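Data block below; observations after.
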Amino acid sequence: MFACSQKLGTRTVRGSLHRMVRRTPWQSLARGARKKYFFHMDYDKDKVDEMVLALLFLTFHDDCRAWKGHDWGAMERLHEKGMIGNPVGKTKSVLFTEQGLARSRELFMKHFVNQDARTFA
């Protein structure tokens, strides 16, 4: 099988047969170098934290919980600011603090709700 793979211009990767293709620079970044590429990017972490907090309101359930499928760094910073409970653990959701729930709702209304719908909420 290996000789056949070389003859057809393909290679064996992880036990399966793949055809060799040329990759664009962006596709090459998708193969692991993308993390390095974005690692040095300077961004406003407070704005990211605000957006994550607003999106947590989207998954709000059980009167005080939200699904925690967001960036771990942002979740840790929100915990340090007192907006959410400790995100580390086996549960798939995180507890809001009273301040965090109020701020989360406020940010969600500000960034994601249409102007006309705000009067009814």
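The values are calculated or read from the model by the stated rules, or taken from the named source; none is laboratory data. All values reported here derive from a predicted model rather than from experimental measurement. So basically every Cβ, Gly included, is an ideal-geometry build from the backbone, and we count neighbours across all protein chains shown.
Filtered by the rule that a residue be touching a Ser or Thr at 6+ places or on another chain (Cβ under 9 Å) and either within 24 Å of residue 113 (Cβ to Cβ) or in a helix (DSSP H, G or I) (or both), region 65-101 gives 65, 66, 67, 68, 69, 83, 84, 93, 96.
Residue by residue, here is whether (1) assigned to a helix (DSSP H, G or I); (2) at pLDDT below 60 holds:
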site: 6; (1), (2): yes, yes
site: 11; (1), (2): no, yes
site: 17; (1), (2): no, yes
site: 22; (1), (2): no, yes
site: 30; (1), (2): yes, yes
site: 53; (1), (2): yes, no
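For residue 81, the requirement of being exposed (fewer than 15 other Cβ atoms within 10 Å of the Cβ) and either over 18 Å from residue 48 (Cα atoms) or not hydrophobic (A, V, I, L, M, F, W, C) (or both) is not met. Close contacts from region 31-54, counting a first residue that is farther than 25 Å from residue 112 by Cα and a second that is modelled with pLDDT under 70, with Cβ to Cβ under 7 Å and a gap of 6+ residues or different chains, come to 37/29. Of everything in region 70-121 that is among the small types (Gly, Ala, Ser) and out of contact with any Leu (no Cβ under 9 Å at 6 or more places or on another chain), the residue that is nearest to residue 44 (Cα to Cα) is 73.
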